[in-house]
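Notes follow once the structure below has been shown.
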Amino acid sequence: MTTPTSIELVLDCNSLSAQFRTASGPIQVLHDISLTLKPCTALGIVGESGAGKSMLIKTIMGLGPAGMQVSGHISLAGTDLSSMNERRRRQFLGAKVGMVFQNPMTSLNPFVRIGRQIEEASRYYLKLGKADAKALAVDLLGSVGIPDATDCYDHFPHQFSGGMKQRIMIATALACQPELLIADEATTALDVTVQKGILDLLQILQSKRRMSMILVTHNLGIVAGRTDEILVLYGGHVVEHGPTDVVFANPRHRYTEALLGAMPRIDQPAHTTLRTIPGRPPDPANPAPGCPFAPRCPAAEGRCHSSMPPMTVSGDGAHRFACYVPVSTHPSDFRPMAPAVATGAEQ
Amino acid sequence: MSEPTNTAPNAEFEASLQDDALVQVRRLSISYQRNGKEFRAVDNVSFDLAAGETLGLVGESGSGKTTIGRAILRLLPVADTSMWGSVIYDGIDVAALSKPALRGIRRRLQMIFQDPVSSFNPRRKVPDIVGEGLEIQGIGKAERTELINAALDDVGMSRSLVEGRRPHQFSGGQCQRIAIARALAVGPELIVCDEPVASLDVSVQAHIINLLQDIRETRNLALIFISHDLAVVRNVSDKVAVLYMGKLVEIGPNDALNQHPAHPYTRILLDAVPVAQARQKIVPSADAAQIPSRMMPPSGCRFRSRCPKAQQHCVDVEPELRATPHGQFVACHFPNNQ
């Protein structure tokens with residue numbers, strides 16, 4: 001059914017755009033987004049609020065709000081989603097993709113024992129019988145690090161702490177042996193130590209079950225050292241995409257660089273003045289022509305304000321960025337940890 | 001409720017405390033009643049804070065950091081709460097103040113919350129929100145306007161920008177600026193900041209942190225900075241106190257804790273901070289931290305159930321806060337780097 005080339009990619013989004021029609025005109029929330037995900041790799045999607053992270057995931061999953069118009073192609077595990085009707089698409093995605101959301105309390109039904117909630121997907125999509133589904137649920141609870149899985153099977157969500165609830169959510173997401181696991185801000189509300197435990201667990205499960213994973217987050221620190229590639233979104237555009245260590249060591253887009261410089265770090269001296277980004281994120285209702293970051297960019301030139309920079313691909317083709325005046329690649333020019341406030345002084 | 005009895009004496013640590021510090025928290029213990037059971041949120045915590053100094057309070061949720069912040073301002077609920085020990089502010093025992101006297105001292109002590117929007121009255125206009133404290137203090141209209149404008153200027157919001165507008169018309173970062181302006185308007189000497197940047201985007205967070213640092217310098221403010229984010233605490237603090245299940249486990253100069261964390265818990269917290277830089281792939285660990293119930297803390301050292309170094313001695317004897325060669329105090333029988 002599938003050709004060998006399409007099997008190579010778990011997810012392939014091509015020129016994905018999404019817009020809403022409103023009384024005052026269309027609002028475009030995603031602009032021409034292309035991304036691919038190879039099997040058994042982890043991708044980090046990062047951006048600030050309003051960058052389009054969640055909208056991108058919702059669009060891929062067909063969970064976008066009613067009235068959203070999507071153009072472009074999405075294929076998952078070699079199958080084109082756009083050709084499917086609603087019902088088939090749901091069946092297909094439900095079995096292939098597992099999702100974990102930010103707030104486990106609102107995703108879990110407080111009145112239903114957790115065992116049944118974990119079984120729900122496997123009974124519906126995999127048509128498992130009662131006993132098989134239960135065995136699978138207990139097994140999953142064990143694999144996400146819940147002690148005494150057999151006892152916990154009959155517990156209610158309120159009997160668990162926030163971190164444990166998130167582990168239960170992960171178990172429900174794994175119930176159908178998905179090929180792709182998407183964690184949308186899955187550790188945002190948790191303590192750092194608990195967050196580390198959950199991220200460790202996701203990483204272990206990803207390699208053990210040979211899944212692909214997408215970590216969606218506003219915290220750049222979460223994806224460092226835990227993903228193979230990162231995709232930086234700004235104003236609904238992909239501004240930079242590349243191997244995680246390359247992007248962190250050598251960010252080329254001015255926004256990525258500014259964002260890294262704005263983060264406080266434990267290896268900096270106390271009272272270091274943080275680099276700030278002037279201005280505000282773009283308003284999708286009043287998009288300016290050109291690069292969405294241009295109004296806030298210290299290096300912006302005339303053309304940045306008038307036309308959208310095309311994707312530039314660096315040497316080996318793995319690192320791409322949409323910037324007319326990218327940050328120099330010379331390592332000594334890039335110091336995200338420097339206390340300096342200097343803007344546009346790289347040269 | 002019974003007075004705390006089984007706590008370690010901490011004689012060495014208590015001898016190091018200054019009797020002339022601006023804020024003196026002494027053997028503070030706070031218990032809440034929950035479903036008929038007592039639960040100790042804060043247990044025998046002492047520390048000092050000098051004028052113009054910033055203390056970072058860190059710990060996981062439930063460690064008691066917010067409770068301590070609120071106790072200093074006497075903002076704890078009266079019902080079902082018991083408090084022992086004292087909070088001395090500039091020689092005044094805050095816990096013993098009468099209501100009118102408390103109003104007087106609130107001018108000098110202010111607080112900023114994690115969610116600024118929910119701390120505003122949505123129906124009031126922003127200048128009135130900023131001037132609310134001044135109104136309560138009985139300051140006349142002309143002087144009030146002047147102080148409101150000065151406070152708004154200090155946080156980078158002009159009067160003309162906020163005139164006639166209500167909180168919902170501003171972004172999260174702007175609302176946090178307004179909250180800071182409200183705290184500044186009454187001319188405080190100490191501000192308790194409870195997770196002030198936790199809900200903000202990275203670029204906005206940097207503005208607010210820099211702003212707090214500027215204001216601290218220009219107004220010589222003392223800050224108590226409560227946060228679960230150690231990177232933020234590292235940036236803003238002079239001193240750091242680490243809390244675990246209501247106990248002070250380590251306290252000392254920011255640099256000492258950052259470079260030579262003595263308590264295994266401080267080490268774990270530092271290691272858990274996600275660092276945004278090119279790094280080797282993280283080697284995940286499969287053990288999930290089992291956090292004990294706050295209702296039934298472990299005997300001896302409370303951290304022992306999660307501690308990689310725990311021994312029988314840790315089960316039997318609660319560790320005292322002891323000085324380390326790097327200048328901090330640590331409550332651990334087997335501290336690191338010593």
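The values are calculated or read from the model by the stated rules, or taken from the named source; none is laboratory data. Nothing here was measured: the structure is a model prediction, and the numbers come from that model. We place every Cβ from the backbone using ideal geometry, glycine too, and count neighbours over all the protein chains shown.
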Considering the stretch A:253-283, residues that are at negative phi and of a type in the set (Gly, Ala, Ser), and then whichever is surrounded by the fewest Cβ atoms within 10 Å (Cβ to Cβ), we arrive at A:270
Note to self: Checking the structure you have, find out if any residue of the stretch B:286-296 is surrounded by 13 or more Cβ atoms within 10 Å (Cβ to Cβ), assigned to a loop (DSSP other than H, G, I, E, B), more than 14 Å from chain A (Cβ to nearest Cβ) and modelled with pLDDT under 95.
What the structure shows: no
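Would you say residue A:188 is touching a residue at least 40 places away in the same chain (Cβ under 8 Å) and either more than 24 Å from residue B:206 (Cβ to Cβ) or among the polar types (S, T, N, Q) (or both)? Write out each step before concluding.
Values: touching a residue at least 40 places away in the same chain (Cβ under 8 Å): yes; either more than 24 Å from residue B:206 (Cβ to Cβ) or among the polar types (S, T, N, Q) (or both): yes.
Considered against the rule, which asks whether it is touching a residue at least 40 places away in the same chain (Cβ under 8 Å) and either more than 24 Å from residue B:206 (Cβ to Cβ) or among the polar types (S, T, N, Q) (or both), residue A:188 comes out as yes.
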Among the residues of the stretch B:177-205, the number that are within 14 Å of another protein chain (Cβ to nearest Cβ) and either without any contact (Cβ under 8 Å) to a residue 12 or more places away in the chain or of a type in the set (Asp, Glu) (or both) is 4
Residue hits (the stretch B:169-199; in a loop (DSSP other than H, G, I, E, B) and surrounded by fewer than 24 Cβ atoms within 10 Å (Cβ to Cβ)) are B:170, B:171, B:186, B:187, B:188, B:189, B:195, B:198, B:199
Pairs returned, first residue in the stretch A:30-49 that is free of Cβ contacts under 8 Å to residues at least 60 places away in the same chain, second residue that is buried (at least 16 other Cβ atoms within 10 Å of the Cβ), beta-carbon separation under 8 angstrom, 6 or more apart or interchain, are A:36/A:9; A:36/A:11; A:36/A:12; A:36/A:13
Residue pairs qualifying under the 7 Å Cβ cut-off, at least six apart or on distinct chains, with the first in the stretch B:160-173 being farther than 19 Å from residue A:279 by Cβ and the second being modelled with pLDDT under 90 and in a helix (DSSP H, G or I), are B:167/B:117
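Pick from A:250, A:286: which is within 9 Å of another protein chain (Cβ to nearest Cβ), within 26 Å of residue A:311 (Cα to Cα) and surrounded by fewer than 23 Cβ atoms within 10 Å (Cβ to Cβ)?
After applying the criteria, what remains is A:250.
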Apart from one, (1) farther than 19 Å from residue B:73 by Cβ; (2) of a type outside the set (Asp, Glu); (3) at pLDDT 95 or above all hold for residue B:24; the odd one out is (1)
Those residues of the stretch A:60-81 which are touching a strand residue (DSSP E or B) at 6+ places or on another chain (Cβ under 8 Å) and either without any contact (Cβ under 8 Å) to a residue 12 or more places away in the chain or farther than 18 Å from residue A:37 by Cβ (or both) amount to A:64, A:65, A:67, A:68, A:69, A:70, A:71, A:80
Counting only helices (runs of 4 or more DSSP H) wholly inside the stretch A:19-136, the ones holding at least 1 residues that are within 30 Å of residue A:309 (Cβ to Cβ) are A:53-61
Of the conditions (1) away from chain A (no Cβ under 11 Å); (2) part of a helix (DSSP H, G or I); (3) within 15 Å of the chain's Cα centre (by Cα), the single one that residue B:266 does not satisfy is (3)
- So residue B:233, is it within 11 Å of chain A (Cβ to nearest Cβ), within 24 Å of residue B:214 (Cβ to Cβ) and assigned to a strand (DSSP E or B): no
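Can you tell me which residue among B:322, B:279, B:294, B:304 is over 30 Å from residue A:47 (Cβ atoms), free of Cβ contacts under 8 Å to residues at least 40 places away in the same chain and not β-branched (Val, Ile, Thr)?
Residue meeting the stated conditions: B:304.
When residues of the stretch A:259-283 are filtered for being hydrophobic (A, V, I, L, M, F, W, C), farther than 30 Å from residue B:256 by Cβ and either touching a residue at least 40 places away in the same chain (Cβ under 8 Å) or more than 7 Å from every other protein chain (Cβ to nearest Cβ) (or both), how many remain? Don't jump to the end; show me each part of the working.
Residues of the stretch A:259-283 that are hydrophobic (A, V, I, L, M, F, W, C), as a first pass: A:259-260, A:262-263, A:266, A:270, A:274, A:277.
Subset that is farther than 30 Å from residue B:256 by Cβ: A:259, A:277.
Add one more test, that the residue is either touching a residue at least 40 places away in the same chain (Cβ under 8 Å) or more than 7 Å from every other protein chain (Cβ to nearest Cβ) (or both), and what stays is A:259.
So the answer is 1.
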Within the stretch A:289-299, of all residues that are in contact with a Pro (Cβ under 7 Å, 6 or more places away or on another chain) and buried (at least 21 other Cβ atoms within 10 Å of the Cβ), the one farthest from the other protein chains (Cβ to nearest Cβ) is A:291
Within the stretch A:149-178, residues surrounded by 20 or more Cβ atoms within 10 Å (Cβ to Cβ) and not in a helix (DSSP H, G or I) come out as A:175, A:178
Scanning the stretch A:207-222 for residues that are modelled with pLDDT under 95 and out of contact with any Asp or Glu (no Cβ under 8 Å at 6 or more places or on another chain), the one surrounded by the most Cβ atoms within 10 Å (Cβ to Cβ) turns out to be A:220
Of the residues in the stretch B:235-262, those that are without any contact (Cβ under 8 Å) to a residue 60 or more places away in the chain and touching a helix residue (DSSP H, G or I) at 6+ places or on another chain (Cβ under 7 Å) number 2
By residue number, the members of the stretch B:297-338 that are surrounded by fewer than 15 Cβ atoms within 10 Å (Cβ to Cβ) and of a type in the set (S, T, N, Q) are B:299, B:311, B:312, B:337, B:338
**Report entry** Residue in the stretch A:205-224 that is in contact with a strand residue (DSSP E or B) (Cβ under 6 Å, 6 or more places away or on another chain), more than 8 Å from chain B (Cβ to nearest Cβ), touching a residue at least 24 places away in the same chain (Cβ under 8 Å) and in a loop (DSSP other than H, G, I, E, B) present
**Finding:** yes
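Regarding residue B:227, is this residue touching a residue at least 12 places away in the same chain (Cβ under 8 Å), among the hydroxyl-bearing types (Ser, Thr, Tyr), more than 9 Å from chain A (Cβ to nearest Cβ) and closer than 30 Å to residue A:254 by Cα?
Values: touching a residue at least 12 places away in the same chain (Cβ under 8 Å): yes; among the hydroxyl-bearing types (Ser, Thr, Tyr): yes; more than 9 Å from chain A (Cβ to nearest Cβ): yes; closer than 30 Å to residue A:254 by Cα: yes.
Considered against the rule, which asks whether it is touching a residue at least 12 places away in the same chain (Cβ under 8 Å), among the hydroxyl-bearing types (Ser, Thr, Tyr), more than 9 Å from chain A (Cβ to nearest Cβ) and closer than 30 Å to residue A:254 by Cα, residue B:227 comes out as yes.
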Only unsatisfied item for residue B:300, checking (1) on the phi > 0 side of the Ramachandran plot; (2) facing chain A (nearest Cβ under 7 Å), is (2)
Only one of (1) more than 14 Å from chain B (Cβ to nearest Cβ); (2) touching a Cys at 6+ places or on another chain (Cβ under 8 Å) does not apply to residue A:141, and that is (1)
Among residues of the stretch B:241-251 being touching a Phe, Trp or Tyr at 6+ places or on another chain (Cβ under 9 Å) and at negative phi, the residue farthest from the other protein chains (Cβ to nearest Cβ) is B:248
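Going by the conditions given, is residue B:254 surrounded by 14 or more Cβ atoms within 10 Å (Cβ to Cβ) and either away from chain A (no Cβ under 11 Å) or at positive phi (or both)?
no
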